Amino acid sequence: MTTPPKYPVESNHHPVLFRSADGKQLYAVGGGEFWLPVPDDTTMDNIHLYMRKKEYVPNLPIKRYEVKMQGKAYKVEVWKDKSITCECTGFRYRKACKHSAAIEKMVNKSE
């Protein structure tokens, strides 16, 4: 048996085992993305040593604000990469607005 890799290949899909048409090689297959040759004694119980499904980590904002201007309230979010988004129409078209600018100014002031 070959030594399992230090870091298993990560796939967007759950891996499965597939044997080549000639029956000579066993592969761990992750949704067609990867065909990783694995030892013949690999089973679904130990396939994780060679390939595993990537853990889903949702991209969520780290902070949410509600900015009220001229009688309307808008949700403004600060993301992990320090980017700021706003739900207003102006932000959707220009990728900038006075709501996001106000939050950016406040966030930069506190740093």
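The values are calculated or read from the model by the stated rules, or taken from the named source; none is laboratory data. The shown structure was predicted, so the numbers you read here are calculated from the model rather than taken from an experiment. A quick note on method: Cβ atoms are made from the backbone with ideal geometry, for glycine too, and the neighbour counts reach across all protein chains shown.
Numerical summary
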item: Any hit, region 15-32, residues being modelled with pLDDT under 90, within 30 Å of Lys105 (Cβ to Cβ) and out of contact with any Lys or Arg (no Cβ under 6 Å at 6 or more places or on another chain); result: no
item: Some residue of region 86-97 being in contact (Cβ under 8 Å) with a residue 24 or more places away in the chain, out of contact with any Cys (no Cβ under 8 Å at 6 or more places or on another chain) and more than 30 Å from Trp35 (Cβ to Cβ); result: no
item: Extreme residue, surrounded by the most Cβ atoms within 10 Å (Cβ to Cβ), among residues of region 65-77 that are touching a residue at least 12 places away in the same chain (Cβ under 8 Å) and out of contact with any helix residue (DSSP H, G or I) (no Cβ under 6 Å at 6 or more places or on another chain); result: Glu77
item: Val67 vs. criteria β-branched (Val, Ile, Thr) and assigned by TED's automatic domain parsing to the domain that holds Ile103; result: yes
item: Long-range neighbours under 6 Å by Cβ, at least six apart or interchain, first residue over 30 Å from Lys82 (Cβ atoms) within region 38-64, second among the β-branched types (Val, Ile, Thr); result: Pro39/Thr2; Tyr50/Val38; Met51/Val9
item: Which numbered condition Val107 misses (of (1) loosely packed, with under 13 Cβ neighbours inside 10 Å; (2) outside any loop (DSSP other than H, G, I, E, B); (3) at pLDDT below 90; (4) among the aliphatic types (A, V, I, L, M)); result: (1)
